[in-house]
């Protein structure tokens, strides 16, 4: 089955890692966005437009927060929730303290987001916020 661009529907979409591998992103389905060449590497794609890149990261972070609604998860629960194998689940929690209930969800999401928390504030530089507050 051919992948389609999630923006325009064009066939032969490329896999875009929302959290780039160089940022600590993983090769798991939830970290993928399927984009045609134009929407992937074009002028308004995430590789050339920081706001688009951040938008996709914020969407992923929210998706993870909604998907992982409990405070703790075990390896097997992560496998099911994220549709990943045991080795990938272990890689996510590597170095984390294991509590009786499992691993902390906040740490799991932080790791999946490339050891970063994203916010809408990052979409605007400080000058724009000052201008908005003065208006």
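What follows draws every value from the coordinates through simple rules; no lab data is involved. Predicted model only: the values in this text are computed from it and were never measured. Heads up, the Cβs are rebuilt from the backbone with ideal geometry, glycines too, and the neighbour counts pull from every protein chain shown.
Points worth noting:
- Label point distance in nm, residue 80-residue 15, each placed 7 Å from Cα along Cα→Cβ: 2.5 nm
- Counted by neighbouring Cβ atoms within 10 Å, the residues 74, 105 run from fewest to most as 74, 105.
- Counting beta carbons within 10 Å around each of 113, 26 and listing the fewest first gives the order 26, 113.
- In a fully extended conformation the segment linking residue 99 and residue 29 would gain 22.5 nm over its present Cα-Cα distance, using 0.36 nm per residue.
- Approximating the spin labels as points 7 Å out from Cα along Cα→Cβ, the residue 121-to-residue 52 distance works out to 2.7 nm.
- Length gained when the stretch residue 107-residue 3 is fully extended (0.36 nm per residue, less Cα-Cα span): 34.3 nm
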